[in-house]
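Heads up, the thing below is written out as C-alpha cells.
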Amino acid sequence: MAGTIALPLQEFIASLDNASLPKILQVCSGVYFQGSIYEISGSEVCFSTGDLVKVIGIELQSVSCEDVIKNETFELPITHTGLFKVVPKQMPYSSVEEMLSLRPVGLDDSLPFTFTSHTKMTFGSLTLGAGKALTVLSIQRHEGKEDMVRCHVRGETEASAEVCIPLSSRGEFYECESEECYTLKEIMSSPCLRIRRFRFVKTTKCERILVFSPIYQVQAIMNLRKNVLRFPSSLEVDVVDVTDVCKDVNFVTPLSLTEVLSQPDNSFPVVAEILEEPQSRSFFKCAWLPGLVKSTNLVLHNKGTTPMVLMSSLKGRKNQQYFLVSQQYGGKFRRRPREFNSVYELYVASTQTQGLTVSVTRNCEEVEEEGMPDLSVGDKLKIVSCTRMELPGENIKGQRQSVEALLCHRLQEPEDEDEDEEEENTQKEKQEEEKEEVLLPLYMQGHFVEILSENKKYKLRDLRKEFSLPLDVKVVSRDTDLETDPLFGSSCLRIEGAMLEPSIQASFQDRPDHCFHILPQWLSMSVSFTQEPLPWAQDNCPKCFIEKVSEVTDTFFYDFRKKDNSDEAPPPRPPKRDLSSSNLVKKTAKSTKKSANPKKKKDKTIPTEKLNDLTLNQKKRPPAPPPPEVLNDDLPPPVVPRKCSTADKTSKALPNTYVKIHQTIVKEHLDDVPADVESDHDYETLDETLVTMVKTAQESVMFY
C-alpha cells in the first residue's frame with residue numbers, strides 16, 4: 001500500500017464510470033457496520049481493514065445536497081425535475097487565459113459565458129471602461145499568431161459591437177452568472193460541473209447555495225465471499241485502488257442468466273453454482289423451480305433459442321391452468337370449434353380464418369333502433385366481410401349514424417337428407433341464390449360456436465403452420481416420452497400464442513439426464529461457473545430427457561398478452577342514442593308489428609268516455625235526485641240503533657231487502673229480451689220492471 005493515496009469511498013466512486021470497471025479496492029479504515037444496509041440489500045455488509053472488494057457495477061441512485069450557508073445536508077432523487085444555475089465564483093482572475101482555463105467545462109461546450117473587468121481595457125483604438133460585461137462567443141486560433149477571444153459587448157445606447165481580446169490580456173476579471181440552467185442528471189453526468197456550486201431556479205429556496213455529491217448503489221464481490229454485495233457509496237470508509245497490484249487474486253465472477261447466454265458455446269456443458277436465488281417466482285409453477293436455491297449446483301448443458309407456444313385450459317374450469325409447451329411436444333391434437341361471446345370476437349377470428357362459419361347457440365331478440373337482427377338457436381352464419389351499416393333514427397345531435405358491422409350470409413338447412421346428388425346440387429344452387437344477408441354490429445353481444453368441416457389429427461408444429469392463433473384444440477394422443485402428460489385429459493385447450501424464447505438447458509447435478517429450460521427473460525438469478533467435474537464420464541454424455549411442458553401462472557399469461565397485444569384496438573362501443581327518439585322508434589316498431597300480425601284478435605275494448613255514458617238500457621243516466629228536505633246538510637246521517645243484547649240467540653238476521661235481486665226473475669227476463677241488432681255494443685237489454693228495482697236499490701243505498 002506504499003505510495004498509494006486513501007480516499008473516502010464516496011469520493012472514489014464518484015470519480016468512476018462503468019467503462020473503467022472492474023476496480024479492486026482495499027479497505028484501510030478499520031471496521032464498518034451499518035444496520036440500514038441490511039434492509040436495503042437483504043444481506044450483511046461488513047468491511048474490515050485489509051478486505052479486498054472488486055467493484056463490478058455502479059448505478060446512480062440519488063444526490064446529496066449540502067447547504068453551504070446553513071451547513072445542512074439533504075437528499076434529492078436523481079429524477080428531481082427542478083432546475084439549477086451555476087453560482088459564479090467570487091475570486092478574481094488575473095488574465096483572460098487563466099479565466100478560460102479554469103472553466104467548469106470545456107470552453108467550446110460552455111459558450112457563451114459572460115465576464116466583467118474591474119479595470120479599464122484598451123485594444124488599439126477601442127477602449128472599454130471598467131464594469132463592462134463581455135460575452136465570449138468563440139476562441140480564434142491562428143498558427144504563428146496569438147490566440148484571440150471573440151467577445152460581444154453592449155453599449156450604453158443599446159448599440160452592440162464585437163471585439164477580439166488577446167488571451168494574454170491582464171487585469172482583474174470576474175465571472176458573471178450564466179442564464180444556462182441544468183437538471184440534476186446533467187450536473188451529475190459532467191465531472192467538471194459537479195465541483196461547482198448551484199442554486200435553485202425560481203423557487204423560494206433560490207438563495208441557498210448548494211454543493212452536490214452523487215450517491216451510487218455499488219455492486220461488488222469479495223475474494224472470500226460468493227454472493228454479490230450491494231451497498232451505497234455513502235459508507236464512511238476509506239479505500240485504496242489496488243487494481244494493478246491484485247490482478248491475480250481469484251474473485252468469484254457472478255453471472256446473470258443474460259450474461260450466461262453471451263458466453264461462448266465451448267463453455268458448455270459446465271457446472272454452475274447458484275449465488276442468488278430467483279428474484280421472482282410468480283411466473284412459474286414447475287416442479288423444478290423449488291430446487292433453485294442458493295448454493296445449489298446446476299449442470300448447464302447448452303444455450304439457444306427454443307420455439308414454444310402458450311396454452312390455457314378451458315375457462316369454465318374452477319382453476320384455469322396455463323402451460324408453456326415446446327414445439328417438440330410429441331402428442332397429437334384435434335381442432336375444437338371456437339366459442340365467441342361477441343360479434344367483435346367473430347370479426348377478429350374472421351381476419352385470421354378465411355370463410356369462417358358459425359352457429360348461433362343462444363337466441364337474440366331484434367332491437368331495431370340498435371341495428372341488431374333477430375337470431376335463433378341453430379342459425380348458421382357465414383362471415384363475408386366487415387362493412388358499415390346505417391342505424392334507424394337519429395343520434396343526440398339529430399344526425400343519422402353509421403357503425404361498423406359484419407356482413408354475414410344466413411345459410412339454409414337442406415329440407416331432406418335423402419335427396420339424390422342431382423337434387424342436392426339443385427338445392428345448393430337454390431341456396432346460393434337465396435342467401436339472406438345479415439348485418440351484425442361489431443358491438444353486439446351474442447353466443448356463437450365455430451362449424452368445422454374436418455376431423456384431422458395434427459402435430460403441434462403442423463398446427464402452427466396451417467392455422468392462425470388463437471386456436472382451440474384437444475389432445476387426442478399423449479406424448480409417450482413424458483412420464484406424466486399434463487395436457488392429456490383436458491376437454492379443451494386454447495393455443496394463445498407462439499414465441500421464440502432464449503433459453504438455457506439445465507439439470508440438477510444429482511439428475512443430470514432430466515433437463516428443463518430456464519428462460520432468462522422470465523427468471524432472474526445469478527450463478528458462477530465452477531471448476532467441478534461434470535457428473536458423467538468424459539466424452540460419455542447421457543441421453544437427456546427434456547421437460548417439454550411447464551406450467552406457468554396467470555401472471556405470466558397476462559404479461560405475455562400485454563406484450564403480444566400492446567397495439568390491439570379495444571372493441572367498439574355502442575353509439576350514443578337520443579332516448580326520446582329511441583322510445584319513439586320502439587313504439588313505432590311495436591305498433592308496426594301489431595298491425596302486421598293478422599292473427600291477433602280484434603280489440604273490443606270500449607273507450608272510457610263512451611263507457612261512462614252507458615246505462616243498463618244504453619241511455620244516458622239521469623242526474624242524481626236531490627236529498628230529502630227533512631235532512632239538513634249540516635247534520636250527520638242518522639245512526640241505526642244496534643240490536644238489543646237480550647234478543648233471542650236463536651233468532652236470525654233478516655236478509656237485506658234493499659240490495660237483494662231475485663236471480664230467477666233476472667234469468668227469466670234475460671231469456672225473454674231480444675238482442676239489439678243495431679247496437680254497436682254487446683250489452684243486453686233489461687226490461688223496465690227490473691230497471692226500476694235496480695234504481696230503487698241504488699237510491700236507498702245512496703241515502704242511507
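The values are calculated or read from the model by the stated rules, or taken from the named source; none is laboratory data. Here the structure is a predicted model, which means the values were calculated and not measured. Note that we place each Cβ from the backbone using ideal geometry, even for glycine, and neighbour counts take in every protein chain shown.
Observations
- Of the strands (runs of 3 or more DSSP E) contained entirely in segment 258-338, those carrying at least 3 residues that are within 30 Å of the chain's Cα centre (by Cα) and touching a residue at least 40 places away in the same chain (Cβ under 8 Å) fall at 297-313, 322-326.
- The C-beta contact set for segment 98-123 (first residue under 11 Å from residue 175 (Cβ atoms) and surrounded by 14 or more Cβ atoms within 10 Å (Cβ to Cβ), second residue modelled with pLDDT under 65 and small (Gly, Ala, Ser), distance under 9 angstrom, 6+ apart or interchain) comprises 103/110; 104/110.
- Single condition residue 503 does not satisfy, out of (1) surrounded by fewer than 16 Cβ atoms within 10 Å (Cβ to Cβ); (2) more than 16 Å from residue 274 (Cα to Cα): (1)
- Output for segment 446-481, where each listed residue is under 30 Å from residue 377 (Cα atoms), over 31 Å from the mean Cα position of the chain (by Cα) and in a loop (DSSP other than H, G, I, E, B): 451, 452, 453, 454, 455, 456
- Residue 404 vs. criteria surrounded by fewer than 11 Cβ atoms within 10 Å (Cβ to Cβ) and either modelled with pLDDT of 75 or more or of a type in the set (Phe, Trp, Tyr) (or both): no
- Only one entry of 225, 230 meets the criterion of being surrounded by fewer than 18 Cβ atoms within 10 Å (Cβ to Cβ) and outside any loop (DSSP other than H, G, I, E, B), and that entry is 230.
- For the criterion of being hydrophobic (A, V, I, L, M, F, W, C), modelled with pLDDT under 85 and within 37 Å of the chain's Cα centre (by Cα), residue 40 passes.
- Of the residues in segment 540-553, none is in the same structural domain as residue 304 (by TED's automatic domain parsing), β-branched (Val, Ile, Thr), surrounded by 13 or more Cβ atoms within 10 Å (Cβ to Cβ) and over 28 Å from residue 312 (Cα atoms).
- So residue 528, is it outside any strand (DSSP E or B), polar (S, T, N, Q) and touching a residue at least 40 places away in the same chain (Cβ under 8 Å): no
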